[in-house]
Structure formats: structure tokens, C-alpha cells
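Notes for the one structure printed next.
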Amino acid sequence: MKARMPAGFGRPDMNALMRQAQKMQEDMKAKQAELEAAEYTGSAAGEMVTVKMNGKHEVLSITIKPEAVGSGARALPAWRIRC
């Protein structure tokens, strides 16, 4: 007597696996594009220094407040560097 396998436990459907892999690739590309388009801001020392970057790791701007360089600075305006 032959043992019968329950339905769904036969050979895997390769076409279904390929479709699933392609969908996962498309989803990953879409998520990557979304992350690259976003802008991220980081700050240090109580927001005296602020850096804005995009998802491609490109620096968009750096802001340094005058208080960050100390009391010895002569009339230093707030620095804002656009990259």
C-alpha cells in the first residue's frame, strides 16, 4: 500500500515561487526608493550642531549655532552650509 501525501505537500510550484520572488524584489526597490527620497536630520550638543542628509547618505546642510564655538568667538553668525 502506498502512502499518500496530503494536498500541498507535493513538488513546489516553481512558477508561484518565481512570482513571489519577483514581487519581493519590486517591493524592495519601492521601499529603497522611498528611503532614498526621505530627508533625515541629526543633531548634537543640544541642537547646537544639526546635519540634514538624504537617504543616499548625501549631506544636504550643516547648521552650527554660535554658542557651539564658545565665548571666545567674535560675533560669529549662525553658520548654515548648503551642500
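So, Met28, is that one in a strand (DSSP E or B) and at pLDDT 90 or above or not? The answer is no for Met28. The residue that is modelled with the lowest pLDDT, among those in segment 41-68 that are touching a Leu at 6+ places or on another chain (Cβ under 6 Å) and not in a strand (DSSP E or B), is Pro66.
The requirement of being among the basic types (Lys, Arg), modelled with pLDDT of 70 or more, assigned to a strand (DSSP E or B) and out of contact with any helix residue (DSSP H, G or I) (no Cβ under 9 Å at 6 or more places or on another chain) is not satisfied by Lys23.
The values are calculated or read from the model by the stated rules, or taken from the named source; none is laboratory data. On a predicted model such as this, the values are computed, not experimentally measured, just so you know. Here the Cβ is made from the backbone with ideal geometry for all residues, glycine too, and neighbour counts use every protein chain on show.
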